[in-house]
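K.L.:
Mind having a look at this structure? Questions to follow.
The values are calculated or read from the model by the stated rules, or taken from the named source; none is laboratory data. Quick caveat: nothing in here was measured; it's all calculated off a predicted structure. Here the Cβ is made from the backbone with ideal geometry for all residues, glycine too, and neighbour counts use every protein chain on show.
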């Protein structure tokens, strides 16, 4: 989750003025969200790493033109989403196929271990329809409001809300113990 | 309250959307006696706890390193900047202890201060204040701003040259920044540079001559294969100087300024490509029509029947921090090749 921080604007301003520590901090702060979205989009780590590199190169090149009309994370989600789509258009990578039938349900229900929980969640994410997953990522990884996500995804805010809800229902169905199981 | 409504409320509340307190209380109460809704709530918490997949440490380090390299390249040291404007810093303090390295902020402020002093001095000269100012001559005023040798090698960056098609008015047109064009693409001087010379590749001929240049043979511009788009020109007096592309972004894609007339001398403004007639009205007609706004919120205009992907125009009069600021004419922007 990208934290909504009051010092984000100051960090961006410092980065624009050439403060390399500030630019590196922005990278550290947001890289998991960018990588996470790309990994869920492509389903494989190599493509996710390529996309992450490309996203931040674009950010470095364009940060001087970012004027804070939207939150930095909103801007970053747009860059990330566009980079993923561009990579598909260029044919350099293909998006993860969505076929819930092929998705292995998590084999354990004890998610107290963080690594197990993360693996289970990421496995279940692959069952989501791309539009639902994108909406969920925008809201949960990049911390966008329904309104901001709606503007970026080109749909009404109500549709974003519905997609996020549908995604969560799917995840709940996959991650919850079946009736009768202990 | 039915399960669907309960889960919708839980989802919305989890995302920070406004939900009435009594409704969310009722929803949570419902979860205590409903396995399905309880499982939904647990999933919300599980996904939150799992967070985003962590980027591999090697990738984080690699991108952080690139971030620092980019910051250093985009904001050269004050010594390079001062060298570029002819202001030389002392090597060390009088006590022989080298001054501490400056933070980028202070470098920026110092460079800006030098630029302001230089601009003031040039303005005084350019507007021809040769008479006394409060009992001082213009030369005295300039001396009061800085020592004469600070500007000994610096003439005005260029004279005001109204671009073709732009009517002269009583209002003075400020000279353009130190532009150069290469194959019609416009670049602006950034600073003195020390590029890795053996890595440079030829990028074309510079459009104008430079201080100290004794022949009219155009100098070559070079690029480094690092995808930044910057050019380097080995100027006779200044040595290697870095020029950055003049760009603006639309939907985050960079568009670079083009010029119809090559920038023949310092201070000359880029012009519309010759295939376009100068618009006759502020709305761009009949040459252009309003399309929308770029990422800065500046209105952009396209040729009727085309899209911005083929290039777009910007009207004169943009704000001081815009890449087209000060240009008295319309400007034309095209996608940066290979971006």
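K.L.:
Got a number for residues in segment A:32-56 being at the interface with chain B (Cβ under 7 Å from one of its Cβ atoms), without any contact (Cβ under 8 Å) to a residue 40 or more places away in the chain and either over 17 Å from the mean Cα position of the chain (by Cα) or surrounded by 21 or more Cβ atoms within 10 Å (Cβ to Cβ) (or both)?
P.N.:
Residues in segment A:32-56 being at the interface with chain B (Cβ under 7 Å from one of its Cβ atoms), without any contact (Cβ under 8 Å) to a residue 40 or more places away in the chain and either over 17 Å from the mean Cα position of the chain (by Cα) or surrounded by 21 or more Cβ atoms within 10 Å (Cβ to Cβ) (or both): 3 in total.
K.L.:
For segment B:196-206, name all the residues that are at pLDDT below 90 and buried (at least 18 other Cβ atoms within 10 Å of the Cβ).
P.N.:
Passing the criteria: B:200, B:203.
K.L.:
Hey, among the residues in segment A:76-90 that are more than 12 Å from chain B (Cβ to nearest Cβ) and in contact with a helix residue (DSSP H, G or I) (Cβ under 8 Å, 6 or more places away or on another chain), which one's surrounded by the most Cβ atoms within 10 Å (Cβ to Cβ)?
P.N.:
Within segment A:76-90, the match that is surrounded by the most Cβ atoms within 10 Å (Cβ to Cβ) is A:84.
K.L.:
Would you check if residue B:226 is buried (at least 19 other Cβ atoms within 10 Å of the Cβ), within 14 Å of chain A (Cβ to nearest Cβ), modelled with pLDDT under 85 and not in a strand (DSSP E or B)?
P.N.:
no
K.L.:
Still on this model: Tell me which of these residue B:302 doesn't satisfy, since it passes every other one: (1) touching a helix residue (DSSP H, G or I) at 6+ places or on another chain (Cβ under 7 Å); (2) within 13 Å of chain A (Cβ to nearest Cβ); (3) at pLDDT 85 or above.
P.N.:
Every listed condition holds for residue B:302 apart from (2).
K.L.:
So, one more: Which residues, counting only those in segment B:45-54, are at the interface with chain A (Cβ under 7 Å from one of its Cβ atoms) and over 16 Å from residue A:133 (Cβ atoms)?
P.N.:
B:46, B:49, B:54
K.L.:
Let me ask you something else. Check A:64, A:73 and return the single one that is facing another protein chain (nearest Cβ under 8 Å), touching a residue at least 40 places away in the same chain (Cβ under 8 Å) and either surrounded by fewer than 17 Cβ atoms within 10 Å (Cβ to Cβ) or over 16 Å from residue B:57 (Cα atoms) (or both).
P.N.:
A:64
K.L.:
Please report, ordered by residue number, the helices (runs of 4 or more DSSP H) entirely within segment A:111-160 with at least 2 residues that are facing chain B (nearest Cβ under 9 Å).
P.N.:
So the answer is A:114-125, A:130-140.
The rows are residues; the columns are (1) within 14 Å of chain A (Cβ to nearest Cβ); (2) in contact (Cβ under 8 Å) with a residue 24 or more places away in the chain; (3) within 25 Å of residue B:230 (Cβ to Cβ); (4) more than 25 Å from the chain's Cα centre (by Cα).
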{"position": "B:258", "(1), (2), (3), (4)": "no, yes, yes, no"}
{"position": "B:266", "(1), (2), (3), (4)": "no, yes, yes, no"}
{"position": "B:276", "(1), (2), (3), (4)": "no, yes, no, yes"}
{"position": "B:280", "(1), (2), (3), (4)": "no, no, no, yes"}
{"position": "B:289", "(1), (2), (3), (4)": "no, no, no, yes"}
